[in-house]
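The values are calculated or read from the model by the stated rules, or taken from the named source; none is laboratory data. This is a predicted model, so every value here is computed, not measured. Neighbour counts are summed over all protein chains in view; Cβ atoms, including those assigned to glycine, are modelled from backbone coordinates with ideal geometry. Ligands, DNA and RNA are stripped out before the accessible areas are found, and what is left, the full protein with its side chains, is counted by its heavy atoms. Shrake-Rupley method; radii C 1.70, N 1.55, O 1.52, S 1.80 Å.
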Amino acid sequence: EDQVTQSPEALRLQEGESSSLNCSYTVSGLRGLFWYRQDPGKGPEFLFTLYSAGEEKEKERLKATLTKKESFLHITAPKPEDSATYLCAVQAPSGNTPLVFGKGTRLSVIA
Amino acid sequence: NAGVTQTPKFRVLKTGQSMTLLCAQDMNHEYMYWYRQDPGMGLRLIHYSVGEGTTAKGEVPDGYNVSRLKKQNFLLGLESAAPSQTSVYFCASSRQGNEQFFGPGTRLTVL
């Protein structure tokens, strides 16, 4: 069974304090790994897709990386507006397989 | 483009009542999905559709039915609501079954 585990469950950072969120996965082959941001009371917002080990994607203060067993979302010099829940999802390669989501990491950035 | 929209935004039902949630997308996406999100459980897939006229069961389909009569709409029905169906429901759509774009959610309370 495909599984996605995100750690930590919650992370509290001071503004400017860089850190990383982890997403480890077990899937037979990987069609894609996806990162989303979710603000309270809103739907998840798509951030990145990673397809192969070694791939990196960047957007503002966020950088996502991928290995064969896990992905990291690096947050450089975070600001309070980066506070949100970050979700990771994976997709197996066969057919129309839906995404499998992790439970998310709740990030709080304190000014 | 409005993206993915959901109707209604909030609803309160009594046990045993029925209702239909409507999801609409204007991006001409083939794939559409219904999720529920509960504290500590993450996003769980209820049903999905890979094209007009098709539906398939997800992880937690019991107590729900869906229909995709038009490509742009995906309806989620609760025939006899139960308190266990109190949740936030999200609809999503995808062009090729990979990156998904989410609606704003419907908050449902069943008393």
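Which one is nearest to the other protein chains (Cβ to nearest Cβ) among residues in region B:82-108 that are in contact (Cβ under 8 Å) with a residue 60 or more places away in the chain and over 15 Å from the mean Cα position of the chain (by Cα)? Give the steps one after another, and end with the answer.
The initial filter retains those residues of region B:82-108 that are in contact (Cβ under 8 Å) with a residue 60 or more places away in the chain, namely B:82-83, B:89-97, B:100-108.
Subsequent filtering for residues that are over 15 Å from the mean Cα position of the chain (by Cα) retains B:82-83, B:95-97.
Working: B:ALA82: 23, B:PRO83: 22, B:ARG95: 12, B:GLN96: 10, B:GLY97: 5 Å.
Ranking the candidates gives B:GLY97 first.
Within region A:23-43, residues that are at the interface with chain B (Cβ under 10 Å from one of its Cβ atoms) and in a loop (DSSP other than H, G, I, E, B) reach partners that are open to solvent by 40 Å² or more (accessible area, probe 1.4 Å) and charged (D, E, K, R) with beta carbons closer than 9 Å, at six or more positions or on different chains, in the pairs A:GLY41/B:ARG107.
Can you find, within region B:61-83, the residue that is farthest from B:TYR33 (Cα to Cα) among those that are in contact with a Gly (Cβ under 8 Å, 6 or more places away or on another chain) and not aliphatic (A, V, I, L, M)? I'd like the intermediate steps shown before the answer.
Going residue by residue through region B:61-83, those that are in contact with a Gly (Cβ under 8 Å, 6 or more places away or on another chain) are B:64-69, B:71, B:78-82.
Narrowing further to those that are not aliphatic (A, V, I, L, M): B:64-65, B:67-68, B:71, B:79-80.
Working: B:TYR64: 13, B:ASN65: 12, B:SER67: 11, B:ARG68: 10, B:LYS71: 12, B:GLU79: 19, B:SER80: 21 Å.
Once the filter is applied, the top-ranked residue is B:SER80.
Looking only at residues that are closer than 12 Å to B:LEU76 by Cβ and open to solvent by 30 Å² or more (accessible area, probe 1.4 Å) in region B:44-59, which one is farthest from the other protein chains (Cβ to nearest Cβ)? Out of the qualifying residues, it is B:THR55. Evaluating B:SER84 against the criteria (1) closer than 16 Å to A:PRO44 by Cα; (2) open to solvent by 60 Å² or more (accessible area, probe 1.4 Å); (3) among the small types (Gly, Ala, Ser) leaves one unmet condition, (1). Candidates are the residues of region B:10-43 that are more than 9 Å from every other protein chain (Cβ to nearest Cβ) and small (Gly, Ala, Ser); the one that is most open to solvent (accessible area, probe 1.4 Å) is B:SER18.
May I ask you to say which residue of B:ARG44, B:ARG11 is free of Cβ contacts under 8 Å to residues at least 40 places away in the same chain and part of a strand (DSSP E or B)?
Values: B:ARG11 fails: free of Cβ contacts under 8 Å to residues at least 40 places away in the same chain.
Sole residue among the options that is free of Cβ contacts under 8 Å to residues at least 40 places away in the same chain and part of a strand (DSSP E or B): B:ARG44.
Checked against the criteria, A:LYS42 does not count as touching a strand residue (DSSP E or B) at 6+ places or on another chain (Cβ under 6 Å), modelled with pLDDT of 95 or more and either open to solvent by 60 Å² or more (accessible area, probe 1.4 Å) or acidic (Asp, Glu) (or both). Can you name every residue in region B:52-86 that is in a loop (DSSP other than H, G, I, E, B) and touching an Asp or Glu at 6+ places or on another chain (Cβ under 7 Å)? Passing the criteria: B:ARG68, B:LYS70, B:LYS71, B:GLN72.
Which one is farthest from A:HIS74 (Cα to Cα), of the residues in region A:21-39 that are surrounded by 15 or more Cβ atoms within 10 Å (Cβ to Cβ) and not hydrophobic (A, V, I, L, M, F, W, C)? Please lay out each step first, then the result.
Going through region A:21-39, the residues surrounded by 15 or more Cβ atoms within 10 Å (Cβ to Cβ) turn out to be A:21-25, A:27, A:30-38.
Okay, now just the ones that are also not hydrophobic (A, V, I, L, M, F, W, C), so A:22, A:24-25, A:31-32, A:36-38.
On the way: A:ASN22: 9, A:SER24: 14, A:TYR25: 17, A:ARG31: 22, A:GLY32: 18, A:TYR36: 13, A:ARG37: 13, A:GLN38: 16 Å.
The qualifying residue farthest from A:HIS74 (Cα to Cα) is A:ARG31.
Residue under question is A:THR49, and the condition is that it be open to solvent by less than 60 Å² (accessible area, probe 1.4 Å) and of a type in the set (S, T, N, Q); does it hold? Break it down stepwise before answering.
Values: open to solvent by less than 60 Å² (accessible area, probe 1.4 Å): yes; of a type in the set (S, T, N, Q): yes.
When the stated conditions are applied, A:THR49 passes them.
Output the residue which, of all residues in region A:55-111 that are closer than 14 Å to A:GLY32 by Cβ, open to solvent by less than 40 Å² (accessible area, probe 1.4 Å) and more than 14 Å from chain B (Cβ to nearest Cβ), is farthest from the chain's Cα centre (by Cα). Top of the filtered list is A:LEU66. Say whether the condition of being assigned to a strand (DSSP E or B) and aromatic (Phe, Trp, Tyr) is met by at least one residue in region A:51-62. Among the residues of region A:51-62, not one is assigned to a strand (DSSP E or B) and aromatic (Phe, Trp, Tyr), which makes the answer no.
Only one of the numbered conditions (1) buried (at least 20 other Cβ atoms within 10 Å of the Cβ); (2) under 30 Å from A:ALA10 (Cβ atoms) is not met by B:VAL66, and that is (2).
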